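The values are calculated or read from the model by the stated rules, or taken from the named source; none is laboratory data. It should be emphasised that the depicted structure is a prediction, and the values quoted were computed from it without experimental measurement. Every residue, glycine as well, gets a Cβ built from its backbone with ideal geometry; the counts of neighbours run over all protein chains shown. Protein only, heavy atoms only, side chains kept; ligands, DNA and RNA dropped before computing areas. Shrake-Rupley method; radii C 1.70, N 1.55, O 1.52, S 1.80 Å.
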Amino acid sequence: DGLGRGRVLHRAPGEGARGVFPGPRLAWTPPPCPVATAPLAGAQNQDSRPLLGESVALCLVSELSERANPSHSGLRGTCHTTIRGSPQGWALFGPGFQGCRLGHLGLDLQEPEKDPPPLPLFLPPPPPPAGFLCLRSDSPLVFALGITILGVCHYTLTVKGSHLATHGALTESRGWSKVWTLFFVEVCTSFTAEYAKYGHVKMHHGYTNVLGLGDSSTWRLPCLNRYVYMFLAPLLIPIITPLVAVERLREVELRTALRTLGLISLGLYSQYWLLLNVSGFQSPSSALACMLITRSLLAHPYLHVNIFQHIGLPMFSPDKKPRRIHMMSLGVLNLPRLPVLDWAFGHSLISCHVEHHLFPRLSDNMCLKVKPVVSQFLHEKQLPYNEDSYLARPAVSPTL
């Protein structure tokens, strides 16, 4: 670069990094630099204050374009990220995300020498119409296949879709983000969008494992036997969810309550109508029973994941909670990757939950890409990076 402080990489036209960025690219990797206190030109929602170890964040810009290095004048390059994220820091990604630098705390974190292992090869489930058509069959195997397809698709919409929508990780447009939140949360999940965002984004993420605030107390029912709680109670989630939503409507404006009731009714009646008119169910009771089965197909792992990743880990009092980086590293846990749960729940809820709590507005794909960087960062700072298996969690969860 003529300054002896960086490395310039060129790519020929049409040659993309791992097929991600086609066309000519110019990227630079700056040397170790101090905390960046000046906002990056063109970045959105920048905060010029250094974090002094409180959290880890990414500066994410709205388009691929040439940006100036905020800590080394004279260096310029291409910022290879298009996803909105946390406003409190910045990062520079090299070609194809092969090199990553966190731009605060004075760190120079490089990706490990070896590339991360490739994603497991498995086909996504067929679309919902295939499930409704399979339910027309007299064959038990085909009928069971239809139940499975509808169940997996239902949880993909209600868990993965709703989760990303409430965090605004699906689109940069505020208007479309609102539309997707209403669709995934109210139409598909039969819950209220306002309370979902308040309870999950504001409380759970804002006060992770803080007693009485974000300590996952929603999932604790000490009045139930552990076996009833773990294996029978999840079957009632499809029934309890809309009932809780209706109860929460007392706290919102009348206009919002009417909208929520209308969208929840639309979602429930749409599936009921399709079962009667497309799948060929002859009676309302059989259609309702099918709705209950498909909506509770993955209810057990859904409940288990929600409690396994926080309960049994350190808890904090509201007046003595630690800094955010310590709160997230101590109170959050990653589970191993499982193809079905990865698809239905998303990486941010399964194998990248620590990364999700550090960068809550990153997409599933980006959480997977920053996972080795986050792991290396926490280990170098001698902070815990919690990981455990699905089957091992009940033994260490005191409430179970």
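Tabulated data
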| item | result |
| --- | --- |
| Residue check for Ala144: aliphatic (A, V, I, L, M) and either under 19 Å from Asp364 (Cα atoms) or at pLDDT 95 or above (or both) | yes |
| Criterion: assigned to a loop (DSSP other than H, G, I, E, B), within 23 Å of Thr158 (Cα to Cα) and open to solvent by less than 40 Å² (accessible area, probe 1.4 Å) - qualifying residue of His304, His310 | His310 |
| Breaking point among (1) open to solvent by less than 80 Å² (accessible area, probe 1.4 Å); (2) assigned to a helix (DSSP H, G or I), for Gly206 | (2) |
| Some residue of segment 239-261 being out of contact with any helix residue (DSSP H, G or I) (no Cβ under 9 Å at 6 or more places or on another chain), at pLDDT below 90 and farther than 25 Å from Leu135 by Cβ | no |
| Qualifying residue in segment 321-334 (condition: more than 27 Å from Leu243 (Cα to Cα), surrounded by 19 or more Cβ atoms within 10 Å (Cβ to Cβ) and touching a Pro at 6+ places or on another chain (Cβ under 7 Å)) | yes |
| Test: residue in segment 247-268 that is of a type outside the set (S, T, N, Q) and not in a helix (DSSP H, G or I) | yes |
| Residues satisfying the stated conditions in segment 223-248, i.e. under 26 Å from the mean Cα position of the chain (by Cα), open to solvent by less than 60 Å² (accessible area, probe 1.4 Å) and of a type outside the set (Ser, Thr, Tyr) | Met230, Ala233, Pro234, Ile237, Pro238, Pro242, Val244, Ala245 |
| Residues within segment 152-206 that are in contact with an Asp or Glu (Cβ under 8 Å, 6 or more places away or on another chain) and free of Cβ contacts under 8 Å to residues at least 24 places away in the same chain, tallied | 0 |
| Of the criteria (1) under 27 Å from the mean Cα position of the chain (by Cα); (2) at pLDDT 85 or above; (3) surrounded by fewer than 17 Cβ atoms within 10 Å (Cβ to Cβ); (4) part of a helix (DSSP H, G or I), which one Ser285 fails | (1) |
| Check on Arg255, open to solvent by 50 Å² or more (accessible area, probe 1.4 Å) and either in contact (Cβ under 8 Å) with a residue 24 or more places away in the chain or in contact with a Leu (Cβ under 9 Å, 6 or more places away or on another chain) (or both) | no |
| Close pairs from segment 327-338: first among the basic types (Lys, Arg), partner surrounded by fewer than 18 Cβ atoms within 10 Å (Cβ to Cβ), Cβ under 8 Å, at least 6 apart | Arg337/Pro120 |
| Qualifying residues in segment 350-377 (those that are outside any helix (DSSP H, G or I) and among the hydroxyl-bearing types (Ser, Thr, Tyr)) - the one least open to solvent (accessible area, probe 1.4 Å) | Ser351 |
| Those residues of segment 133-171 which are more than 19 Å from His356 (Cα to Cα), among the polar types (S, T, N, Q) and either surrounded by 16 or more Cβ atoms within 10 Å (Cβ to Cβ) or under 23 Å from the mean Cα position of the chain (by Cα) (or both), in sequence order | Thr148 |
| Total residues in segment 378-393, condition among the hydroxyl-bearing types (Ser, Thr, Tyr), in contact with a Ser or Thr (Cβ under 8 Å, 6 or more places away or on another chain) and open to solvent by 30 Å² or more (accessible area, probe 1.4 Å) | 0 |
| Selection from segment 202-212 of residues that are under 22 Å from Gly168 (Cβ atoms) and out of contact with any helix residue (DSSP H, G or I) (no Cβ under 6 Å at 6 or more places or on another chain) | Lys202, Met203, His204, His205, Gly206, Tyr207 |
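Yes or no, residue by residue, for (1) closer than 30 Å to Cys134 by Cβ; (2) open to solvent by 70 Å² or more (accessible area, probe 1.4 Å); (3) modelled with pLDDT under 95; (4) out of contact with any Ser or Thr (no Cβ under 9 Å at 6 or more places or on another chain):
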site	(1), (2), (3), (4)
Gly175	no, no, yes, yes
Val187	yes, no, no, no
Lys197	no, yes, yes, no
Lys202	no, yes, yes, yes
Leu211	no, yes, yes, no
Arg220	no, yes, yes, no
